[in-house]
Amino acid sequence: MRGESVSAWQGRWVGPLLAANVVVIGLTVTLLVVGALRDDQQADAARVMDQRTAVARNAVLTETSRYRDLMQAVAAGLGTNARLTAADFAAATAPLDRARLPGATSVAFVVAADLPQVAETQRMWRTRGAPGLELQPKGTGAAHYFSIFQRSLDGPPTVSAGLDVAASREGTAALVTARRTGQPAVSDAYVLLRDRDIPAPQQQLSFLFVTPVYASSEFQGWLALGLHGRDFLGGVLDQAGQGVLDGELYAEDGDRRRVQVAAYDARGRRDLERRATFPVADRQWTLVTGADSRVLPGARTATPATVLLAGPLITLMLALLVWVLATGRARARQQVLVATAELREAEAESRRQAGLLAAVMTSIGDGVGVVDEHGEFLLHNPAAKALLGVTDEVDGPGGWQAHYGLFRPDGRTPFPLDELPLMRGLRGESSDGVEILIRNEQRPDGILVSVDGRPLDPSAGLPGAVAVFHDITELRRYETDLAVFAGVVAHDLKAPLAVIRGHCETAADELADAPEGPEVFEARAALDRIANAVDRMTALIDTLLAYTTARDAPLKLDTVPLAPLVADIIQTRTEHLRPGAAAPDFYVGPLPAVVADAAMLRHVLDNLIGNAVKYVQRGRAARVDVTCGEAQPGWTRVEVADRGIGIPDEDKPAVFESFHRAQSAAGYAGTGLGLAICRRIVERHGGTIGVADNPGGGTRFHFTLPLAPLAGRPAQAAALERALAERKAIEGTVIRPASATTPVREAGPAGTA
């Protein structure tokens, strides 16, 4: 009892305690990892910020150096001509238009002139290409600095040439410094003279880049470039900082004071800041950058947040797993017991099913054979071995024919291996009613079996095929006897009918000379009814005889031209029409010669053409088209189309079945055997028969036959050979051909049986 209580205590408390420990440890580890990741992120942010600031500083320094170099190059170009003109200035400064200088406003050529020299200076430069030049001195000083030629770099010019730079203390200082040192100079930050007339919010602190111009060591003037500080900083940082860096540009003035020239704001809040100082000409500029570490590429990732969210979740999952493992021994044992019991039950059920299947296979009278994908037999039930007469198996399909004695129904032709139902099943084909004659040492007289073959169902998990076969020897003998009996009965029944028909004709001849009267009229009507009944009975007997013998009667193959045969049938069908009756409209296309039994073929065509003539709406003349088209090589496709009452779609699949009549055939005479006979005859010749709607109304029947001559058509000959060998020939039985007086056709509407 104590051991059981300890085990119960352990099962109740050990699991929760272990799970709680896992939770504490997991959460602690998660917090430590998140802290370490945040420290790494801060270090990464500082490193990325340093890199970005260095890139921005280099970009600003590179741009200012480019301005200086361009100014020096243009000044050198201007100095090559001691007599500078407006055209020279335009040609020398043209590259500045294409240089895309951020913040650059305009470039001008500036000269110095004392107040007494203003007029002379104006006249001289007018002669050098500035005809409208107006020099406008500003201030009270003696020295003045006028812009002579000017090119706008940021759009249409806002001021004309002649502006006096002496109005700006910062610009004047830069000019004096450049003249004194002979090197480029940069002014203090100030509002350019050209911008002082615009609204104050639009004004911005700017610089004047100045370069002296010398011609043959003689000073000519200055080349001055205006630069908007805010536009310059924004253009540089927008490209170098990719929209994530804030920036502030500071410049020292002549008094060594630091002045904020421009500022650029990027998205986010600033939590990182860097400072960089660098020389620009004779000044020191300072760039202060800032950024939001959340939007700084490469500075922050979602890893800490992911760990913070996933850590507790994983911890809880591990705790749950530990609890399950610690407390699940009993549950696992119970599940094992349940699974074992279910497995034993399934095994017992499988054994019962296997035993039942074996019992069924042993008990059924039909033979069953199953082969794998290589043709090796997996199963032969006792009925199969009894039918085959051979108990031992043979390796591989190649020895089946010789081992089991497999022949065509004629008993002489070995059955081809590729046409065996099992081989067709291995190829994925299904087959029904394949007749094979088995004759071997145990079956010296031979038996005829009917075999159905199918591919093995995929649920078996093994490719293969299955065949089911049963003995039809006695059935064929019975059918043969029935066919002979039908012929005898038909002959015996038709003899008294012929006598009755003869007596009716004799009586009709005698009444022809009798005086007219009611009694004579009634007698003639009675004789007509008797003659019509005799004709219907004769036609019915002929139809039943044709149906019973169509499958087994021997084929008397010969070359049969279709054109004269169809013409004779049409004449027979129309010669009995009464004067004034609506004559059918026939169209017969070019028809070839075929290889067939002439009497049987006449029966097929007579039946189809007769249906087309008979099954039309009351009071309308029939229209029949008989044509031929292409089929498989060596075969032709015969089509009989009409404009009759048609066949409903639901009746099409069954029109060739025995005794089937469509509902639309009500009111038309027929037995329902005509199309069944046609199908038997066509299939005896190795062909196929079918029916479809005729476009425009009516029905279109079609069937295939081998073309003549037979020589040189091996595929066609093989098809006929198979058709001839399906059943053992019954000598002496023929199909009675159709005639005008006894039409052998009792089909449904437009060919419906």
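Taking R0 as 41 Å, what FRET efficiency do you get between Val24 and Thr301 from their Cβ-Cβ distance, rounded to the nearest 0.05? Write out the running numbers ahead of the final one.
On the way: r = 28 Å, r/R0 = 0.67.
Efficiency computed from Cβ-Cβ geometry: 0.90.
First check a/c for region 96-226, with a ≥ b ≥ c the square roots of the eigenvalues of its C-alpha gyration tensor; if it is under 1.5, answer rounded, and if not, answer prolate when a/b is larger than b/c or oblate otherwise.
rounded
Which peptide among 59-69, 359-369 comes first, and what is the full order, when sorted by highest mean count of other Cβ atoms within 10 Å?
Values: 59-69: 17.7, 359-369: 14.5.
So the peptides 59-69, 359-369, ranked by packing, come out 59-69, 359-369.
For region 579-643, which whole-number percentage of the solvent-accessible area (1.4 Å probe, protein heavy atoms only) is attributable to carbon and sulfur atoms?
Carbon and sulfur: 50 percent of the exposed surface of region 579-643.
How many angstrom lie between the Cα centre of region 110-149 and the Cα centre of region 676-707?
So the two Cα centres are separated by 114 Å.
From the Cα gyration tensor of region 401-480, with a ≥ b ≥ c the square roots of its eigenvalues, which class applies: rounded if a/c is under 1.5, or else prolate if a/b is larger than b/c, or else oblate?
prolate
Note down the nm distance, to one decimal, between modelled labels 7 Å out along Cα→Cβ at Arg100 and at Gln203.
Distance between the two pseudo-spin positions: 3.2 nm.
Sorted by mean Cβ packing within 10 Å, highest first, what order do the peptides 99-112, 389-402 take?
So the peptides 99-112, 389-402, ranked by packing, come out 99-112, 389-402.
Let me have the relative contact order for region 311-390, percent, based on Cα pairs under 8 Å that are six or more residues apart.
17 percent
Using Cα pairs under 8 angstrom and six or more residues apart, how large is the relative contact order of region 348-481, in percent?
23 percent
Tally up the carbon and sulfur contribution to the accessible surface of region 1-158 as a whole percent, 1.4 Å probe, everything protein left in place.
Roughly 59 percent, rounded to a whole number.
What ranking do 516-524, 437-445 get when scored by the average of other Cβ atoms within 10 Å per residue, highest first?
437-445, 516-524
Considering only the other residues whose Cβ falls under 15 Å of the Cβ of Leu378, what net charge follows from Lys and Arg at +1 and Asp and Glu at -1?
Cβ neighbours under 15 Å give a net charge of -4.
What shape does region 371-439 take by its C-alpha gyration tensor, where a ≥ b ≥ c are the square roots of the eigenvalues and a/c under 1.5 counts as rounded, a/b above b/c as prolate, and the rest as oblate?
rounded
Gap in Å between the Cα centre of region 401-441 and the Cα centre of region 239-295?
97 Å
For labels at Tyr587 and Val499 in the simple 7 Å Cα→Cβ model, what's the distance in nm?
Distance between label points: 5.2 nm.
If you add up the charges near Gln204, with Lys and Arg at +1 and Asp and Glu at -1, over every other residue whose beta carbon is less than 9 angstrom from its beta carbon, what do you get? Each step should come with its number before you reach the end.
On the way: positive: Arg230; negative: Asp195, Asp231.
Cβ neighbours under 9 Å give a net charge of -1.
In whole Å, what is the distance between the alpha-carbon centres of region 155-221 and region 14-70?
Between the Cα centre of region 155-221 and that of region 14-70, the gap is 46 Å.
How about region 124-206: which trypsin sites (Lys or Arg not before Pro) there are in a DSSP loop, with at most 16 other Cβ atoms within 10 Å of their Cβ?
Lys138, Arg196
Give the calculated FRET efficiency between Arg38 and Leu318 to the nearest 0.05, with a Förster radius of 35 Å applied to their Cβ-Cβ distance.
About 0.90, to the nearest 0.05.
For Arg412 and Arg529, FRET efficiency with R0 = 56 Å and r from the beta-carbon atoms, rounded to 0.05?
Efficiency at R0 = 56 Å is approximately 0.55.
Could you estimate the translational diffusion coefficient of region 296-451 from the Stokes-Einstein equation, with Rh from the Kirkwood formula over C-alpha pairs, at 20 °C and 1.002 mPa s, in whole µm²/s?
So the translational diffusion coefficient is about 99 µm²/s.
Can you give me the accessible area per residue for region 1-154, using a 1.4 Å probe, in Å²?
Dividing the accessible area of region 1-154 by its residue count gives 55 Å².
Over region 234-325, calculate the relative contact order: mean separation of alpha carbon pairs under 8 Å at least 6 apart, over the residue count, as a percent.
Computed over region 234-325, the figure is 24 percent.
Under the 0.36 nm per residue contour assumption, what length would be gained going from the current alpha-carbon distance of Gln571 and Arg257 to full extension?
100.2 nm
Roughly to the nearest percent, how much of the accessible area of region 292-418 is carbon and sulfur, given a 1.4 Å probe?
64 percent
The values are calculated or read from the model by the stated rules, or taken from the named source; none is laboratory data. All values reported here derive from a predicted model rather than from experimental measurement. Glycine also receives a Cβ, built like all others from the backbone with ideal geometry; neighbour counts cover every protein chain displayed. These accessible areas exclude ligands, DNA and RNA; they are computed on the full protein's heavy atoms, side chains included. Shrake-Rupley method; radii C 1.70, N 1.55, O 1.52, S 1.80 Å.
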